[in-house]
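The values are calculated or read from the model by the stated rules, or taken from the named source; none is laboratory data. Here the structure is a predicted model, which is why all the values come from computation and not from measurement. Please note: Cβ atoms are built from the backbone with ideal geometry, for glycine as well, and neighbour counts cover all protein chains shown. Heavy atoms of the whole protein, side chains included, go into the accessibility calculation; ligands, DNA and RNA do not. Shrake-Rupley method; radii C 1.70, N 1.55, O 1.52, S 1.80 Å.
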Amino acid sequence: MARVLISMPEKFLDEIDSVASTENRTRSELIREALRTYMYRNQLRNSKTSAANAKILDTLLG
(Lines give C-alpha, C1' and ligand atoms only; values in the text may rest on other atoms or scores of the structure.)
Protein backbone atom coordinates (compact mmCIF):
# COMPACT_ATOMS: atom_id res chain seq x y z
CA MET A 1 0.00 0.00 0.00
CA ALA A 2 1.30 3.47 -0.85
CA ARG A 3 2.01 5.98 1.89
CA VAL A 4 1.08 9.66 1.81
CA LEU A 5 2.47 12.41 3.98
CA ILE A 6 0.05 15.17 4.93
CA SER A 7 0.27 18.12 7.30
CA MET A 8 -2.45 19.18 9.69
CA PRO A 9 -2.78 21.12 12.91
CA GLU A 10 -1.86 19.12 16.00
CA LYS A 11 -5.26 19.78 17.57
CA PHE A 12 -7.04 18.30 14.55
CA LEU A 13 -4.80 15.24 14.64
CA ASP A 14 -5.62 14.82 18.33
CA GLU A 15 -9.34 14.85 17.45
CA ILE A 16 -8.80 12.27 14.72
CA ASP A 17 -6.88 10.04 17.11
CA SER A 18 -9.62 10.39 19.72
CA VAL A 19 -12.34 9.33 17.26
CA ALA A 20 -10.20 6.47 15.95
CA SER A 21 -9.57 5.26 19.49
CA THR A 22 -13.25 5.49 20.42
CA GLU A 23 -14.15 3.45 17.33
CA ASN A 24 -11.30 1.01 17.99
CA ARG A 25 -9.54 1.49 14.66
CA THR A 26 -6.41 3.09 13.31
CA ARG A 27 -5.92 6.68 12.29
CA SER A 28 -5.29 5.48 8.72
CA GLU A 29 -8.55 3.52 8.60
CA LEU A 30 -10.50 6.54 9.80
CA ILE A 31 -8.88 8.90 7.30
CA ARG A 32 -9.38 6.42 4.42
CA GLU A 33 -13.06 6.11 5.28
CA ALA A 34 -13.44 9.89 5.52
CA LEU A 35 -11.89 10.29 2.07
CA ARG A 36 -14.03 7.51 0.57
CA THR A 37 -17.14 9.21 2.00
CA TYR A 38 -16.04 12.59 0.64
CA MET A 39 -15.40 11.19 -2.84
CA TYR A 40 -18.70 9.29 -2.87
CA ARG A 41 -20.66 12.39 -1.87
CA ASN A 42 -18.79 14.45 -4.43
CA GLN A 43 -19.63 11.89 -7.12
CA LEU A 44 -23.33 12.01 -6.14
CA ARG A 45 -23.29 15.80 -6.18
CA ASN A 46 -21.68 15.81 -9.63
CA SER A 47 -24.19 13.27 -10.93
CA LYS A 48 -27.10 15.36 -9.68
CA THR A 49 -25.61 18.48 -11.22
CA SER A 50 -25.08 16.69 -14.53
CA ALA A 51 -28.66 15.41 -14.51
CA ALA A 52 -30.00 18.88 -13.74
CA ASN A 53 -27.87 20.43 -16.50
CA ALA A 54 -29.04 17.79 -18.97
CA LYS A 55 -32.66 18.55 -18.09
CA ILE A 56 -32.12 22.29 -18.58
CA LEU A 57 -30.37 21.67 -21.90
CA ASP A 58 -33.16 19.36 -23.02
CA THR A 59 -35.73 22.02 -22.13
CA LEU A 60 -33.81 24.69 -24.03
CA LEU A 61 -33.31 22.52 -27.09
CA GLY A 62 -36.56 20.68 -26.94
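Tabulated results
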{"item": "Amide H contacts under 5 Å for Arg25, placed H, 5+ residues apart", "result": "none"}
{"item": "Farthest toward positive dipole pole in the chain [+1 Lys/Arg, -1 Asp/Glu at C-beta], among Thr37, Val4, Ala51", "result": "Ala51"}
{"item": "Probe 1.4 Å, protein heavy atoms only - accessible area per residue of the chain in square angstrom", "result": "95"}
{"item": "The chain: calculated mean residue ellipticity at 222 nm from DSSP helix runs of at least 4, using -39500 (n - 2.57)", "result": "-27500 deg cm²/dmol"}
{"item": "Computed magnitude of the charge dipole of the chain (debye, nearest 20; Cβ of K, R +1, Cβ of D, E -1)", "result": "320"}
{"item": "Integer Hz, Karplus 6.51/-1.76/1.60 couplings in order for the stretch 42-58, x for Gly and Pro", "result": "5, 5, 4, 4, 5, 5, 5, 5, 4, 5, 5, 5, 5, 5, 5, 4, 4"}
{"item": "Percent accessible area from carbon and sulfur atoms, the chain, protein chains only, probe 1.4 Å", "result": "57"}
{"item": "Helix 10-22 vs. the chain, principal-axis angle (Cα, 0 to 90°, nearest 10)", "result": "90"}
